[in-house]
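Contents: one structure, followed by commentary.
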Amino acid sequence: MAITSNLEELFVTPEYRLTRTGRFLITELLTPHRVLSTSARNGGQTENVRYLVNHQSCEGTDHGERHAHIVGMGADEYHDAVCMEVGLDASQVATMGTAANMNYASVVQRRDLDTLVTAVVTAGVHGNATCAGDAALWRETGKGWEKIPPAGGTINTELLFNHSLTHGALARAVVTMTEAKTAALRGLAVSSLYSKDLATGTGTDQFCVAAPLGAGKPLTSTSTHSKLGELIGVAVKDATLEALRWQNGLEPSATRSLFHALRRYGVHETTLLASLAELLTPREFELLTKNLNSVIFEPKVAGVAFAIAAVLDRIRFGTLPASSAHDIFRQQVTTLAANLSAKPDHWTRFYAQLAAINLEQPARAISSAIALGWSSKWS
């Protein structure tokens with residue numbers, strides 16, 4: 001079967017060639033490889049895969065018709081349909097699907113001596129970010145799947161080597177790769193959409209890892225203690241960060257926001273503004289809404305917002321004693337009011353005024369602190 005035309009070649013090595021056409025990224029393995037993947041067909045570990053295909057399977061938001069179409073076909077039939085669309089033999093392909101745009105794919109290569117590691121990542125987290133252990137939204141039974149919602153985010157990782165790996169090293173590469181992906185999410189403070197935890201990935205993440213056969217004595221370790229593990233970690237982390245920057249606009253400066261820091265504790269723009277409308281005078285509220293970005297992105301406001309999130313985490317995890325939790329939280333929201341007002345010398349007065357805050361309602365406490373700081377700024 002002939003591969004599709006109109007291919008844009010992104011890079012080529014003696015071992016593989018990466019191309020893009022429309023909604024598809026295609027990696028052709030130019031030499032025999034051992035592949036470990038999550039592909040519905042030809043997944044697991046195999047030496048028979050010749051192509052790795054990542055593709056945009058749906059739009060990121062409200063594409064229910066496409067989701068129903070994919071589910072209705074079944075995983076194997078959909079795999080075959082994807083391969084047919086790009087003109088590839090389905091028995092030789094490992095596939096990954098996502099709502100992310102293939103034009104936002106990030107390719108990062110890292111080298112040590114003659115060993116090259118290539119990470120190809122597409123990523124989106126706005127609709128599907130989760131933390132391992134979050135309550136699941138679907139279940140697989142002998143009769144099939146129950147309650148499957150459309151998925152709005154996926155991190156797909158393709159990891160390519162130019163050197164042979166042992167079976168164990170190939171499997172361990174998945175651990176290092178996953179830790180690197182999670183490190184990228186933690187660096188951006190991406191919140192789970194299903195719990196109060198920071199995200200470790202999404203519920204639909206997929207991967208393909210490929211190492212050539214007969215390319216030197218197989219390397220035995222891809223752990224983070226080895227140089228090869230370091231290359232995997234840096235390449236995957238950097239590629240994930242770059243992909244999220246393009247797909248979701250996530251980069252450090254964009255995450256310097258009170259909402260980004262405290263979203264997982266119920267602080268959202270709509271609910272915050274609704275509370276502030278009750279706590280401020282009409283003129284104070286009008287002025288705040290017209291200058292909202294200067295408030296939520298103010299470095300000292302964002303800084304204490306992240307501190308509040310960290311304190312709430314430590315209270316929730318039992319690191320801080322329950323007997324001190326209320327006062328610790330009150331101290332933090334007092335600092336929020338003092339920072340917003342630009343009057344740190346008024347901290348003691350603000351602390352007294354915030355005596356009634358409730359630890360069990362952190363979003364309401366945040367609103368009270370912002371209202372106090374804002375109304376005091378120009379008084």
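Here are a few things to note about the model shown:
- Mean residue ellipticity (222 nm) of the chain, computed from DSSP H runs ≥ 4 via -39,500 (n - 2.57), nearest 500: -13000 deg cm²/dmol
- Overall form of the range 258-377: prolate. Here a/c, set by the Cα gyration tensor axes a ≥ b ≥ c, is 1.5 or more, and a/b is the larger of a/b and b/c.
- Pairwise centroid distance, computed over Cα atoms, of the range 12-52 with the range 340-365, Å: 56 Å
- Applied to the range 113-125, the Karplus parametrisation 6.51 cos²θ - 1.76 cosθ + 1.60 on θ = phi - 60° returns per-residue 3J(HN,Hα) values of 6, 9, 9, 10, 10, 10, 10, 10, 10, 10, 8, x, 10 Hz, with x for Gly and Pro.
- Coil-residue chymotrypsin sites (Phe, Trp or Tyr not before Pro) of the range 306-379, DSSP, other Cβ within 10 Å capped at 15: Phe317, Trp378
- The mean sequence separation of alpha-carbon pairs under 8 Å and at least six residues apart, normalised by the residue count of the chain, gives a relative contact order of 14 percent.
- Once the gyration tensor of the Cα atoms in the chain is diagonalised, the equivalent ellipsoid follows with semi-axes of 46, 22, 19 Å, ordered largest first.
- Counting lysine pairs in the chain that sit 8 or more residues apart in sequence, or on different chains, and whose Cα atoms lie under 18 Å apart gives 8.
- Near the amide H of Leu198, within less than 5 Å, lie the amide hydrogens of Ser192, all on another chain or at least 5 residues away, with H placed in the peptide plane.
- Of all complete DSSP H helices in the chain, those with a Cα span along the helix axis of 27 Å or greater and a mean Kyte-Doolittle hydropathy of -0.5 or more are 167-187, 227-248, 322-341.
- With K and R counted +1 and D and E -1, the other residues having a Cβ less than 14 Å from that of Arg186 yield a net charge of 0.
- 10 Å beta-carbon shell around Tyr265, net charge (K/R +1, D/E -1): +3
- Of the beta bridges in the chain, as assigned by DSSP with both residues counted there, near 80 percent are antiparallel.
- Separation between Cα centres of the range 309-328 and the range 173-196, rounded to whole Å: 23 Å
- Surface/4 of the Cα convex hull for the range 185-312, nm²: 11.1 nm²
- Just checking the listed ones, Asp197, Asp205, Asp327: in the Gaussian network model of the chain with Cα springs under 10 Å, the one fluctuating most is Asp327.
- Interchain or long-range residues, amide H under 5 Å from Leu30's placed H: Tyr16, Arg17
- For the pair Ala277 and Gln45 in one chain, pulling the backbone fully straight at 0.36 nm per residue adds 77.8 nm over the alpha carbon distance.
No value in this document is a laboratory result; all are computed from the given coordinates. Nothing here was measured: the structure is a model prediction, and the numbers come from that model. Every residue, glycine as well, gets a Cβ built from its backbone with ideal geometry; the counts of neighbours run over all protein chains shown.
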